[in-house]
1. Being over 60 Å from the mean Cα position of the chain (by Cα), open to solvent by less than 30 Å² (accessible area, probe 1.4 Å) and not small (Gly, Ala, Ser) is true for just one of Asp619, Asp642, Asp543. Which residue is that?
2. I'd like the full set of residues that are in a loop (DSSP other than H, G, I, E, B), without any contact (Cβ under 8 Å) to a residue 12 or more places away in the chain and within 17 Å of Arg125 (Cα to Cα), limited to the range 51-85.
3. May I ask you to say which residue of Thr618, Thr595, Thr634 is in contact with a Lys or Arg (Cβ under 7 Å, 6 or more places away or on another chain) and polar (S, T, N, Q)?
4. In the range 506-540, what count of residues is obtained for those that are touching a residue at least 60 places away in the same chain (Cβ under 8 Å) and open to solvent by 50 Å² or more (accessible area, probe 1.4 Å)?
5. Residues that are over 22 Å from Pro362 (Cα atoms), at pLDDT below 95 and out of contact with any helix residue (DSSP H, G or I) (no Cβ under 9 Å at 6 or more places or on another chain): find the strands (runs of 3 or more DSSP E) completely inside the range 397-442 holding 3 or more of those.
6. For a quick check of your reading of the model, give me the residue pairs whose first member lies in the range 573-589 and is over 16 Å from Val650 (Cα atoms), whose second is modelled with pLDDT of 85 or more, with beta-carbon atoms closer than 6 Å and at least 6 apart or on different chains.
7. State all residues of the range 594-615 that are open to solvent by 80 Å² or more (accessible area, probe 1.4 Å), in a strand (DSSP E or B) and farther than 13 Å from Val668 by Cα; if no residue qualifies, say none.
8. Which ones in the range 354-392 are of a type in the set (A, V, I, L, M, F, W, C), open to solvent by less than 50 Å² (accessible area, probe 1.4 Å) and not in a loop (DSSP other than H, G, I, E, B)?
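The values are calculated or read from the model by the stated rules, or taken from the named source; none is laboratory data. For clarity, every value in this text was computed on a predicted model and none was experimentally measured. Ideal geometry is used to build each Cβ from the backbone, glycine not excepted, and the neighbour counts take in all protein chains shown. Side chains included, ligands, DNA and RNA excluded: accessible areas come from the protein's heavy atoms. Shrake-Rupley method; radii C 1.70, N 1.55, O 1.52, S 1.80 Å.
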Amino acid sequence: MAFEGFHQPKCLRWRLCGLRWQVQIFLLYFIHITSGQIRYSIPEEMKTGSLIGNVAQDLGLDLKRLRAGRARIVTGESIQYTELKTDKGILVVSERIDREQLCGDVTPCSFSFEMILENPIELHRITVEILDVNDHAPAFPIKDVQFEISESATVGARFLLESAVDPDVTLNALQNYILTPNHNFVLKQHTNPDGSKYAEMVLQKPLDREEHPRLSLKLIAVDGGNPQRSGSVNIEITVLDANDNAPVFNQSVYRATVMENAPKGTYITTVNASDADSGSNGHISYYFSKLKGNIVDIFTIDMLTGSISVSGQIDYEKDKKYEVRVEAKDQGGLTDSSKVVIEVLDINDNAPVINVMSFSSPVSEDAPPGTTIAVINVKDADSERNGQITCSVDDNLPFKIKSSLSSYYTLISDKVFDRETTPEYNITITATDSGSRPLSSARTLHLRISDINDNAPLFDKGPYSAYVTENNSPGMSIFTVSARDSDWNQNARISYLLEDTQISGTPVSTYISINSETGVLHAVRSFDYEQIKQLKLVVKAQDGGSPPLSSNVTVKIMIQDQNDNAPQVLYPVQTSSSLVAEMVPRSADVGYLVTKVVAVDVDSGQNAWLSYKLQKATDRALFEVGLQNGEIRTIRQVNDKDAVKQRLVVLVEDNGQPSRSAAVNVNVAVADSFPEVLSEFTDFTHDKEYNDNLTLYLVLALAVVSFLFITCLVVIISVKIYRWRQSRILYHSNLPVIPYYPPRYADTLGTGTLQHVYNYEVCRTTDSRKSDCQFARPCSQNVLIMDPSSTGTMQRMQSEKNILDEPDSPLEVSLLDFK
């Protein structure tokens with residue numbers, strides 16, 4: 001692997017003796033989440049798109065897994081310097097990386113982020129260490145340094161020089177100071193506890209103002225990079241008159257503390273120096289020297305008292321400790337320096353920050369307890385107890401939260417879900433730190449529960465009963481069944497079906513149909529109460545799940561009777577061939593039972609309630625009919641004046657709406673003897689109108705039969721004539737005849753003479769199935785003689801009279817003689 005801009009034959013070398021890239025992979029496994037850690041080292045200032053490492057190869061992941069798991073990197077609130085190419089499984093630079101801007105003088109410098117995969121969830125921490133390159137030269141904050149030194153300054157007097165600043169670190173940082181050669185001063189270098197270097201000029205030869213009132217020197221700062229970089233500052237020294245004593249601090253190191261977010265003007269500490277000189281040479285002024293970065297805006301010092309106080313914003317999360325150098329200078333230009341170490345005390349001023357790294361929604365309602373719902377990352381910029389975090393969720397929810405990795409938490413299900421009871425959850429995750437005044441933050445996740453087909457359709461009630469009046473129109477809507485399903489979407493889509501049952505041996509589908517979507521029952525045919533009085537069927541409601549669930553309900557359909565049948569009279573029997581009459585003796589008293597009309601109605605209920613009325617009567621004053629029982633009785637004494645022939649018309653009527661009725665004729669003979677009755681009823685046998693109609697029908701039938709007979713006779717005669725004419729045409733023709741030997745003919749002993757003679761009698765009719773062919777006995781009159789050597793044509797030798805005797809007689813065919 002090589003970086004752009006660097007060319008080495010075998011491996012990449014960096015700095016003076018070179019660096020090798022190293023990849024350290026640490027795999028960690030916790031709970032249900034697969035996790036790992038990778039560390040890469042790259043130099044700063046790499047071009048955008050430069051390769052950092054092959055993440056898929058280093059983690060042992062397949063490229064398909066990266067794409068299917070929607071692999072992505074999460075950096076939180078920091079700048080995203082890298083980009084994951086899921087199609088190649090590599091990590092590349094996406095933003096310019098400046099180590100000095102990213103980490104300052106902190107070493108080693110690195111930044112971390114997480115790579116997350118889903119289904120199943122995998123969490124991998126990736127740390128990228130930024131290696132310093134020598135891209136900065138040492139620089140002094142000022143161009144010129146002015147010193148005023150008394151000529152009486154003693155040998156060994158020290159003069160603190162301005163320090164150079166090099167943002168680079170380690171070997172690329174500031175390594176050495178060089179002072180231009182001179183006769184009066186030598187350079188002495190020192191190292192601070194933090195590794196930084198500073199220099200002092202030490203007077204090695206007394207100054208002589210009269211000889212050299214001004215001295216110009218140059219201080220050069222060099223780093224250890226390759227190539228080496230340097231920076232310089234001019235030192236201008238003005239030689240003053242004698243000032244014998246330099247200021248001296250009473251402490252070489254001052255230590256103080258300050259609370260973060262302390263308001264401006266907050267007192268920190270006071271430095272103190274003394275000068276043995278008197279007068280103006282004993283007046284001391286205090287200054288900060290060699291302040292780095294933004295420290296000059298954070299602290300201020302009273303130049304007269306040496307009191308140090310806050311002048312800017314102090315943030316523990318940015319800097320936990322400050323080291324500043326304080327310089328005491330008298331009027332004669334003599335100085336001393338001391339170091340002030342200011343430690344920042346953390347306060348709980350940062351609430352936890354919740355970042356959702358992965359969240360699965362919706363979750364199937366059959367997900368088992370322990371299913372991972374979300375992975376969150378919680379950070380608190382505070383330290384120690386102020387940065388210790390506790391995460392929690394509402395106890396009333398079926399979830400719990402567990403710590404998986406450092407600052408990572410897993411939200412898992414704690415119970416079985418039921419979408420029909422709770423289709424969704426609002427899960428509030430609360431993160432609280434452990435400060436004296438705890439701070440907290442919350443994040444709400446909206447979780448939807450996806451449905452599974454775990455509920456069968458349920459009918460509103462059952463069994464159902466419905467009523468339909470007979471003689472209904474086919475297709476009529478009878479009843480509607482309704483079911484509900486607690487599931488959702490396709491799992492709750494109900495279809496209605498009729499179970500395959502039979503009614504009186506006939507499939508139920510021939511009687512009833514059902515709309516599969518609405519559950520409406522329709523009549524397939526018109527019902528007849530007299531044939532079927534009740535339909536019992538089973539309706540199934542089936543949902544659209546996979547596999548589908550169903551439930552059944554019984555539906556009873558009662559056929560209601562209509563008054564669609566008229567009463568039927570059973571007695572007296574009405575016949576057209578004979579006459580039935582009831583005899584009443586002339587001695588009959590009042591209330592004499594003549595006969596009883598018996599009738600039935602196949603309808604039911606009030607439609608079958610019958611009443612009897614006397615519609616017509618020869619003598620209404622003689623008979624009456626019982627309204628309910630149909631009994632015909634006399635209502636007065638019969639006398640000799642009453643006619644022998646009495647005709648009564650009784651009307652039988654039902655109680656339906658509208659009512660239907662039937663009439664019956666009752667013949668009554670008022671007589672004491674049977675001969676008397678016969679003489680009176682001889683003209684009563686047939687009705688004239690009936691006889692007239694019967695005669696008309698007989699005449700029409702006779703005419704039709706005669707016409708058909710004549711037609712058939714003409715057709716048969718025509719066919720006979722046509723066949724006779726065809727036979728005559730064939731006889732008079734001279735067409736050659738090819739010899740044909742019937743199977744019974746044989747050539748005996750090679751002579752060619754036929755030894756047998758046959759007669760054929762053929763009878764033909766118009767119907768081919770009745771044709772007949774008879775073999776007659778041998779006859780010597782018809783002999784066929786043939787020359788053995790002859791192969792020519794045959795000639796007819798039979799006379800015309802032997803061919804056909806008469807047209808209608810059978811055709812006699814005789815064998816011809818051949819010569």
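1. Asp642
2. Gly60
3. Just a single option satisfies the conditions, and that option is Thr618.
4. 1
5. The strands (runs of 3 or more DSSP E) meeting that bar are 399-405.
6. Filtered contacts from the range 573-589: Met583/Ala669; Val584/Val594; Val584/Val668; Val584/Val670; Arg586/Val638; Ala588/Thr634; Ala588/Val638.
7. Initially, the range 594-615 is screened for residues open to solvent by 80 Å² or more (accessible area, probe 1.4 Å), giving 596, 606, 609, 613, 615.
Within this subset, residues satisfying the condition of being in a strand (DSSP E or B) are 596, 613, 615.
Passing the criteria: Lys613, Gln615.
8. Ile354, Val356, Met357, Val363, Ile373, Ala374, Val375, Ile376, Val378, Ile389, Cys391, listed by residue number.
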